[in-house]
Amino acid sequence: MGTMLHRRMSGKWLKVVGLGFSLFVILALAAVVFDRVYPPPLPDQRQLSIEVADRDDKLLRVFATPEGRWRLTTDLALIDAEFLSLLIAYEDKRFYTHNGVDPRAMMRALWQIISNRRIVSGGSTITMQLARLLEPRPRRTLSAKVLQIVRAVQLERRLSKDEILKWYLTLAPYGGNLEGIRAASLSYFGVEPTALSLSQAALLVALPQSPESRRPDRHANAARLASLRVLRRAALNGQIDPGEIERVAARNLLVKRRPLPFAAAHISQRAIQNAPDRKRHKTTIRRSIQSRLEVVASDAAVRLGDKLSVAIVVADSRDGTILAQVGSAGFFEEGRSGWIDMSRAKRSPGSTLKPFIYGLALEEGLVLPETLISDRAADFSGYRPRNFDLSYQGDVSIRRALQLSLNVPAVRLLHAVGPARLTALLRDAGAGFIFPSAERPGLSIGLGGIGISLVDLVQAYTSFASTDGRAVVLSNGVDTVTGRPSRRPLLQNAARWHVSDILRGIGPPVASPNRELAYKTGTSYGYRDAWSIGYDGRYVIGVWIGRADNGAIPGLTGQGAAAPVLFEAFSRSGLSEIPFRPASVGAVRISRAQLPPSLKRFQTFEETFERKKSGESKPHIAFPPSGARLELSHASTGDFSPVIVKLQGGRPPFRWLANGELVDRPSRRRNWHWMPDGRGSARLAVIDASGQTAHVDVVID
């Protein structure tokens, strides 16, 4: 009886095999003809989500496809190797040897259906599953299966095995609107699928077979059982140790769906506006810094009040890369108009331009840090500036005037150097700015009477942190955020060093981290904008706080609101603290007692002009002071650097002498570059057009 039954089953099996093989041959031949007439749909990059990545290719933001799917591109080189091994073994172990259809798998599946009168396992290859994903059919019919087989053969003729696997892992369903291994891994586990745990890999292998009934965030037990089946198959194949199954089974599967990355929202929006057809945009942003500073901005906005927004920009002065650009305190914060990128909005900068005014005055030789300047009520042809607190300090040093951000001294200096010089400096910095309608550059620009954006202001400040005094063009990798600066330094090295030395002397706000920074604050007229720009030996961070609708916020100041955020941003950014560079050649601290008479007190332009007109002005060498010791040699070469000698007073042209010898032809310039010929004492002298002389004695070390 048993023998007869065995013979009947064997005969039945032979018939099934013969039928299946004949069907396979017929379908394969038909596919060749069908391939020319009815080519298959191929994967299309346009089906993918748009991705915005940071400088290290870490995701900043993902945009859903038009139909609302999260479908991220896949790179097999960045997929966990253990996951790929489990997938091939579980889904299609002869994937790399068949031509789209696995006859052995199909015969096995057909025999199981006949023997068990139900589907035990499928015979679909990964290529067939990709064909179904590319050309979905509402019902599983025999004709749909035949077409799927034909399409699989067609795909194998057009795509490599790696391309087929890549597109399967890009389009496979993982529950809800998640498609592809990357979207699933990021959403369920919060990580890229580069180094998955064994349990995570097993779950991601099992999910596409029944994505909705096995969703780990909704059906944890079903997901757990499915992943264990994957592991048992792997253990039978010798891929893993059987003990791993018990270890995974003993753990509870607790998975909660996470939102996909959403950082640098404003930059991401501009990226797709500028290149909507590009599927991947790479920025200069560093995700870790961006994420931390978005939290800093959000916390500050909540702390400071409703409707306030906060913008923060972090730039590297060495190459101009923007490491973080926070456009608002919250992109979806309707009350704060969070969708508006306030890092690019033109607003009044308050007192943040004062360091450039003082730098110009220092460069011109009009003042030194310990020079006294008058802080008293003044009238400049009808323009009467007042200090922020409506009081006056009397006579203060240049250093103290800048540190206290006094308005009247700043306007005195701007009046002396000219507003056009300041605007020319901003243009050389590549900073875009606007004037109030129908107005020309006037003294008010020194106190914020101009419109400039945070990114433009940060770019201008890179000139203080850079090695050569030039501003560097800022870039976030997706669009042009500022203008291109001049190739020449904005200020001479000595002037830059003196400004930074003064700003470093401003103490940190109360309860702020004790970090050495040179920084300046600003408050616009009517308490509409609070600013703070700071830098160390490399990095520049700018902070703006205000309302997007330009509304007034009583009591909002740069020192009280923006400066604490600046120090917090530096502290929480994770950036290393870069020391300031040593004093440049010709930059020395001189006490007021050592100053020459002409630099002990700043004189207005009108006063100087009247003295020149009456012939009372005598030439005076303002720098270097007599008795100064100058270290000008380079340690590596022993060569000397030139000394910049600055002259005040006198009538041009001037003749310069070193140790009694004429060393240059007559010139009208008041700055002379003298090259020492050795160490020791030297006397520098000048003779003006009226025959009056001045000299200083210096020592070259």
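The values are calculated or read from the model by the stated rules, or taken from the named source; none is laboratory data. Since the model is a prediction, treat every value here as computed from it, not as a measurement. Neighbour counts run over all protein chains shown; Cβ positions are idealised from the backbone, glycine included. Just the protein is used for accessible areas: all its heavy atoms, side chains included, with ligands, DNA and RNA removed. Shrake-Rupley method; radii C 1.70, N 1.55, O 1.52, S 1.80 Å.
Summary of values
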| read-out | value |
| --- | --- |
| Every pair of residues 6+ apart whose Cβ atoms lie under 6 Å, when the first sits in region 289-304 and is closer than 10 Å to Ser573 by Cβ while the second is open to solvent by 10 Å² or more (accessible area, probe 1.4 Å) and not small (Gly, Ala, Ser) | Arg292/Arg572; Val296/Glu568; Val296/Arg572 |
| Out of Asp456, Asp479, sole residue that is surrounded by fewer than 22 Cβ atoms within 10 Å (Cβ to Cβ), within 28 Å of the chain's Cα centre (by Cα) and closer than 18 Å to Val314 by Cβ | Asp479 |
| Close pairs (8 angstrom Cβ cut-off, 6 or more residues apart or separate chains): within 17 Å of Thr423 (Cα to Cα) and small (Gly, Ala, Ser) in region 484-509, open to solvent by 20 Å² or more (accessible area, probe 1.4 Å) and in a loop (DSSP other than H, G, I, E, B) anywhere | Ser486/Arg470 |
| Any hit, region 51-61, residues being modelled with pLDDT of 95 or more, buried (at least 21 other Cβ atoms within 10 Å of the Cβ), part of a loop (DSSP other than H, G, I, E, B) and not basic (Lys, Arg) | yes |
| Odd one out for Ala424, checked against (1) touching a residue at least 24 places away in the same chain (Cβ under 8 Å); (2) not in a loop (DSSP other than H, G, I, E, B) | (1) |
| Of the criteria (1) open to solvent by less than 30 Å² (accessible area, probe 1.4 Å); (2) farther than 28 Å from Ser463 by Cβ; (3) modelled with pLDDT of 85 or more; (4) not hydroxyl-bearing (Ser, Thr, Tyr), which one Gly650 fails | (3) |
| Any hit, region 350-360, residues being β-branched (Val, Ile, Thr) and either part of a helix (DSSP H, G or I) or open to solvent by 10 Å² or more (accessible area, probe 1.4 Å) (or both) | yes |
| Pairs, first on the phi < 0 side of the Ramachandran plot in region 217-230, second open to solvent by 80 Å² or more (accessible area, probe 1.4 Å) and of a type in the set (Lys, Arg), C-beta under 8 Å, six or more apart | Asp217/Lys256 |
| Some residue of region 384-394 being within 20 Å of Tyr525 (Cβ to Cβ), among the hydrophobic types (A, V, I, L, M, F, W, C), in a loop (DSSP other than H, G, I, E, B) and open to solvent by less than 20 Å² (accessible area, probe 1.4 Å) | no |
| Every pair of residues 6+ apart whose Cβ atoms lie under 6 Å, when the first sits in region 684-701 and is within 15 Å of Val663 (Cβ to Cβ) while the second is open to solvent by 50 Å² or more (accessible area, probe 1.4 Å) and among the basic types (Lys, Arg) | Ile687/Arg655; His695/Arg683; Ile700/Arg679 |
| Of residues in region 519-566 being of a type in the set (S, T, N, Q) and closer than 20 Å to Ser298 by Cα, the one nearest to the chain's Cα centre (by Cα) | Ser532 |
| Region 666-692, subset over 17 Å from Pro624 (Cβ atoms) and either assigned to a strand (DSSP E or B) or modelled with pLDDT of 85 or more (or both), residue nearest to the chain's Cα centre (by Cα) | Ser667 |
| Tally of residues being of a type outside the set (A, V, I, L, M, F, W, C), open to solvent by 10 Å² or more (accessible area, probe 1.4 Å) and in contact (Cβ under 8 Å) with a residue 60 or more places away in the chain across region 164-178 | 3 |
| Single residue of region 465-476 satisfying the filter (part of a loop (DSSP other than H, G, I, E, B), among the polar types (S, T, N, Q) and out of contact with any Pro (no Cβ under 9 Å at 6 or more places or on another chain)) that is surrounded by the most Cβ atoms within 10 Å (Cβ to Cβ) | Asn476 |
| Long-range neighbours under 6 Å by Cβ, at least six apart or interchain, first residue aliphatic (A, V, I, L, M) within region 46-57, second surrounded by fewer than 20 Cβ atoms within 10 Å (Cβ to Cβ) | Leu48/Thr73; Leu48/Lys279; Ile50/Phe63; Ile50/Ile272; Ile50/Lys279; Ala53/Leu59; Ala53/Lys282 |
